[in-house]
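One structure below.
FYI, it's all coordinate maths here, none of it is from the lab. No experiment lies behind these values; they were computed from the predicted model shown. Here Cβ is always computed from backbone atoms with ideal geometry, including for glycine, and neighbour counts include all displayed protein chains.
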Amino acid sequence: MSTVISALIDGLEFGDPVSDEGLSLVPVFGEFTGLPEFVTLQEAIASHSLIVTEVSEGGAVPQLRAHNVGVTGVLILDGEELAGAKQNRVLNTSVYIKPGQEIIIPVSCTEAGRWSYRTGSFGDSGHVSAHAVRLAANESVTKSVRQSGAFQSDQSRVWDEVALLQERHHKSSPTSAARDVYESRGEAVRRREASFECLPGQIGLLALWQGRVAGLDVVTSARAYPRLHTRLVRSYALDAPTGRPSFVDHDRRAAKEWLAALASVEVTEHESPGNGVSYRFTGDRVVGSALAVDGAILHAVGFATQTGPDRSEERYPGFFERRARFPW
């Protein structure tokens with residue numbers, strides 16, 4: 001394992017799990033130094049210091065142009081959604097954009113039924129993609145970057161997951177937009193969000209569904225994380241089960257065991273589309289990534305998988321098989 005990833009894992013501490021029916025979130029704490037200064041996507045868009053547009057007038061589905069016109073770096077998380085322009089997109093991998101820098105960022109479409117301008121530039125959707133959409137993108141991007149160096153997702157698979165999301169939540173959309181599902185479920189999800197306040201010093205969360213780990217997100221800046229907490233909670237809460245209790249002792253043990261299992265993952269290093277190094281990791285029933293700039297991790301995400309991350313020798317499960325992951 002990379003020493004950078006090992007140092008991240010060693011520096012994390014878990015708080016007490018908080019549960020709401022079948023969803024448990026374990027707060028993550030830690031103190032990390034040497035981080036470059038940065039603001040979040042939400043802050044950068046609100047201050048007009050980040051301008052995100054199509055790469056050209058005609059556009060290209062898997063790429064966008066991002067220009068940081070501000071004086072502070074910008075961090076955009078894997079799975080954060082940008083809304084507007086010719087169709088909504090989500091980031092394929094976390095990127096850090098230096099002040100004054102213009103880069104091309106790799107994205108996936110989450111609105112298959114539209115290819116026409118609504119706005120000249122993109123706004124912050126306010127959402128991080130639902131867990132299943134992020135997992136599909138992260139897994140396929142890891143495979144792509146290891147094979148070809150391109151941070152490209154399996155777009156068909158992402159669209160399939162958006163379709164499943166709409167089916168699970170009984171929300172059709174004229175343009176098949178994932179955002180429409182998020183907005184339609186807003187009130188119900190906000191009720192669940194209220195159970196999971198951001199604690200002082202918190203820098204991440206580990207989510208469990210009915211005692212099974214779903215995923216982990218860590219943003220190592222204690223200043224930045226609170227601005228991302230709600231959208232990360234929403235990402236895991238959207239598909240979480242309801243009506244079944246969780247058990248704190250079991251959840252605490254499951255979280256620690258899962259984190260310990262990360263010590264045996266395979267890690268590869270790749271030049272990030274923005275700045276720094278993108279670490280991609282796969283192991284027994286886990287896939288994830290981390291972004292480091294000047295040797296300091298800014299964001300790390302890991303997802304538990306059902307059958308293991310390496311599908312190079314496997315058939316990817318079909319639509320109805322994937323739907324069966326969500327018996328609730």
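Structural remarks
- Helical contribution to [θ] at 222 nm, DSSP H n ≥ 4, -39,500 (n - 2.57), averaged over the chain, rounded to 500: -8500 deg cm²/dmol
- For H127, the amide hydrogen comes within under 5 Å of the amide hydrogens of E81, counting only partners 5 or more places away or on other chains and with H modelled in the peptide plane.
- By the Stokes-Einstein formula, at 1.567 mPa s and 4 °C, segment 40-183 with its Kirkwood radius over alpha-carbon pairs has D equal to 86 µm²/s.
- For segment 43-73 versus segment 118-150, the inter-centroid distance based on Cα atoms is 16 Å.
- Globularity ratio of segment 95-245, using Cα Rg and 2.2 N^0.38 Å: 1.11
- Sorted into 10 angstrom bins from 0, the C-alpha pair distances of segment 198-247 split as 25, 48, 24, 2 percent.
- Exposure proxy order (Cβ contacts within 10 Å, fewest to most) of S129, S272, S289: S272, S289, S129
- Cα shape, segment 177-261, gyration tensor, a/c 1.5 rule: oblate
- In sequence order, segment 173-183 has phi-based couplings of 9, x, 10, 6, 8, 4, 4, 5, 5, 4, 5 Hz under the Karplus curve 6.51 cos²θ - 1.76 cosθ + 1.60, θ = phi - 60°, and Gly or Pro positions carry x.
- A simple rule links phi to the HN-Hα coupling: the Karplus curve 6.51 cos²θ - 1.76 cosθ + 1.60 with θ = phi - 60°, which for segment 156-162 gives 4, 5, 4, 4, 4, 5, 5 Hz, with x for Gly and Pro.
- Residues of type lysines that K98 reaches as a straight line, Cα spacing below 28 Å, ignoring anything fewer than 8 places off in the same chain: K86, K143
- Quotient of C-alpha Rg and 2.2 N^0.38 Å, computed over segment 3-309: 0.93
- Euclidean distance between Cα centres, segment 181-225 to segment 237-306, Å: 14 Å
- Highest mean packing comes first when the peptides 169-181, 213-225 are listed by Cβ atoms within 10 Å, giving 213-225, 169-181.
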